[in-house]
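Since the structure comes first, as structure tokens, the remarks are kept for the end.
FYI, it's all coordinate maths here, none of it is from the lab. The model shown is predicted, which means the values in this text are computed figures rather than measured ones. All Cβ positions, glycine included, derive from the backbone under ideal geometry; neighbour counts span all protein chains shown.
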Amino acid sequence: MSVSWTDAAILGVLQGLTEFLPVSSSAHLRIAGELLPSGADPGAAFTAITQIGTELAVLLYFWSDIMSIAQAWLRQVFRRGDYDKERARMGWLIIIGSLPIVVLGLLFKDQIEHGLRNLYITVAMLIGFAVVLGVADKIGRKTTTLQHLTWRDGVLFGFAQAMALIPGVSRSGGTITAGLLMGYTREAAARYSFLLAVPAVFGSGFYQLFKTMGEETAVAAGPTALATLLAFAVGYGVIVLFLKLVSTRSYMPFVIYRIALGVFIGGLLLAGWLSPL
């Protein structure tokens, strides 16, 4: 059964609400697909394409930062006059940090699109990484800023982001957790999480977009476009609120939410009301 326009709209709003929070947008879309009237898993392709909408929100919000980083990096590479060395360095760090998710995404493509979408795995990741996030938020020093981001930390951030290939981990959750464990402030970890996601998400989204052109998928082109547009609009608002929130509050509400959601979905699976595959 294909996903309807209404269900696609709901999934688009859900994508925008959850993409930047450490709660796993892919897990929410996977679970919602089972619970909505159509009862269809929207699929990894739909998730990747709608993430283009949320990353457009990142581009809009961080436009000046992204442009200054890109300009400094290009000037360094092509030796075009003076450039901000720190900005150029940040460009290299984002490129290097993006490599793990690209390499692992290609190596484990089939498992990501099929086997790893098992809801029992999603439940385990929701609960397991909730505990890790809670511990990281509790013990992290929260003193290091992005100006002190090292090459080693950039690579570790990249591998943390790659864990989000498993539904339930969360792209922002993985990178933010890694940042907290390495001593970065909550805001620094969140901001770098957003910047690091740009090349990976756009690459994955446009790859899936071109790959599925002319193919029959769980969600048709029109509903997918609507979901992507809604994800952009809602996602922008979430970025604004989330960055304000993390500068003064802990991540404990997200830890509690992830555990509660995992227990709820696990209960539905055990009761036979949800199919794991």
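Placing unit charges on the Cβ atoms of the charged side chains and taking the dipole of the chain about its Cα centre, the candidate lying farthest along the positive direction among THR47, SER26, TYR192 is TYR192.
Think of each Lys and Arg Cβ as +1 and each Asp and Glu Cβ as -1; about the Cα centre, that makes the dipole of segment 135-256 roughly 520 debye.
Distance between the modelled labels on PHE62 and PHE206, one decimal in nanometres: 1.7 nm (7 Å Cα→Cβ projection).
Hey, can you rank 10-17, 198-205, 164-171, 101-108 by average C-beta count inside 10 Å, highest first?
164-171, 10-17, 198-205, 101-108
Cα gyration tensor of segment 162-205, axes a ≥ b ≥ c as square roots of the eigenvalues: rounded (a/c below 1.5), prolate (a/b > b/c) or oblate? Verdict is oblate for segment 162-205. Oblate is the label for segment 165-277, because a/c, from the alpha-carbon gyration tensor with a ≥ b ≥ c as root eigenvalues, is 1.5 or above and a/b does not exceed b/c. What is the count of Lys pairs in the chain whose alpha carbons sit under 30 Å apart, if the two are 8 or more places apart or on different chains? Counting lysine pairs in the chain gives 5.
With a cut-off of 8 Å between alpha carbons and a minimum separation of six or more residues, what is the relative contact order of segment 5-270 in percent?
Value for segment 5-270: 36 percent.
For segment 5-270, the square roots a ≥ b ≥ c of the C-alpha gyration tensor eigenvalues yield an a/c of 1.5 or more together with a/b not exceeding b/c, which makes the shape oblate.
What the pair-distance distribution of segment 48-184 shows, using all Cα-Cα distances binned every 10 Å from zero, is 11, 32, 37, 16, 3, 0 percent. Taking the Cα centre of the chain as reference, the dipole from Cβ charges on Lys and Arg (+1) and Asp and Glu (-1) amounts to some 960 debye.
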